[in-house]
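K.L.:
First the structure, which I've put down as structure tokens, then a few questions once you've had a look.
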Amino acid sequence: MKIGIVGMGPAGLMAGSQLAKAGYEVHFYDHKKAGGRKFLVAGNGGFNLTHSEGIISFIEKYDKVLIQQAIKEFDNNDWRVFLEKEIKVPTFIGSSGKIFPEKGIKPITVLYNWLNYLIHYGATFHYEHSLLYFDSNSITLKYQGETIKQEFDYVIIALGGGSWKTTGSTAEWVDLFKSKKIDCVPLEASNSGFEINGWEKFKEIEGQTIKNVVVSHGEVAKEGDIVISSYGLEGTPIYYMNRSFRNNPKEALKIDLKPTKAIEEIKTVLATSKNFTEGLRKLKLSKGTIQFLKLFLSKEVFTSMEDLANSIKNLQITPQSLRPIDEVISTVGGVSMNEINSNFELKKIKDVYICGEMLDWDAPTGGYLIQACVASGNKVAQSILSKTN
């Protein structure tokens, strides 16, 4: 049984791993000189591979039922077992619940272990091959100026979303899919910082981290640290608000700078301090947080105990937009989930499967993205195995 896989991110690699181990002839195609480039870039910000939370709350992070079902079938524990038992990457649970490779293991080591695992099971890699066309049981590629058509029993396409184009995640496949009458939802930024109008005055505190806050937008709230950037705000709680923002972009962000204290406690501390700056220090707000408040609030608000206390508990900021797609962690949009069946096979083109970020689903950063990619790749592999065994 011969399998062609276009794309060498986590989704494609997982699909190929399961099929190669089962004895299938697996061929990978990537248009770069090496595979897994986005996998490596993702490791630059802390290589969290998944999260340790229970499956019920875990799958609530995803907005599409098919992705939730795929993760139930290949969950965070299954992925961790694969890492440790199959490709020999020991992991540990960090203080936040995120799961990382053991200290000292770099992303490149994880990728090399994975590729060597695939080589051990007979997989073949074809680099600098760009997808031109696909159909049931065949793909057409461009290699060194020549057009090549390859026949397969099954085709798996896992070309990623549209963020970080330098890694090869260009989303050029969208036009090809549209030409085949496959509905594609427009790509949008996800897990992005917020651009905010009039942010130039915060340049002097760019890079400052405001720790242990609660950010909310509409009905969604998330605790964590936020970072002052040159254009607005970044950080996990900010990224977590992206989906809510896309649904209601006129809604203000609300930030509780001191979630461990009630507003009356804050007022008492401010009222019994020599001045409000001393009161803010007594509240154990960081120097950067105090600087941020002084820059953000008018003199009238900052010198009013009532207004200052309200601002600490409910600071409201209206974002202008998300960052450009090429600068963000991930994208939402892509091949509509309505175009695939429960096995991730295209309804319109038999024996062609789609997995990974090129499908239209969304999830926050923190290990959830890569988990969905490997789970969807596993689902595709199991679907093909069930057809042929």
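The values are calculated or read from the model by the stated rules, or taken from the named source; none is laboratory data. Just so we're clear, the structure is a prediction, and the values are computed from it rather than from any experiment. Cβ sites come from the backbone with ideal geometry, for glycine too, and all protein chains shown count toward neighbours.
K.L.:
How many residues are exposed (fewer than 13 other Cβ atoms within 10 Å of the Cβ) and part of a helix (DSSP H, G or I) if we restrict to the range 257-276?
P.N.:
2
K.L.:
Out of S229, S169, S179, report the one residue that is surrounded by 14 or more Cβ atoms within 10 Å (Cβ to Cβ) and assigned by TED's automatic domain parsing to the domain that holds N341.
P.N.:
Unique residue meeting the criteria: S169.
K.L.:
Could you go through the range 159-167 and let me know if any residue there is touching a strand residue (DSSP E or B) at 6+ places or on another chain (Cβ under 7 Å), farther than 27 Å from P364 by Cβ and not in a helix (DSSP H, G or I).
P.N.:
No - not one qualifying residue is present in the range 159-167.
K.L.:
Considering only residues that are within 13 Å of L118 (Cα to Cα), touching a Cys at 6+ places or on another chain (Cβ under 8 Å) and not aliphatic (A, V, I, L, M), which ones fall in the range 1-59?
P.N.:
Within the range 1-59, P10, G12 meet the criteria.
K.L.:
Moving to a separate point now. Tell me which residues, restricted to the range 244-256, are crowded, with 20+ Cβ neighbours inside 10 Å and part of a helix (DSSP H, G or I).
P.N.:
Matches in the range 244-256: F245 only.
K.L.:
Sticking with this one: Please count how many residues of the range 182-206 are among the small types (G, A, S) and exposed (fewer than 11 other Cβ atoms within 10 Å of the Cβ).
P.N.:
1
K.L.:
Take the residues in the range 97-114 that are without any contact (Cβ under 8 Å) to a residue 24 or more places away in the chain and surrounded by fewer than 13 Cβ atoms within 10 Å (Cβ to Cβ), then tell me which one is farthest from F125 (Cα to Cα).
P.N.:
K103
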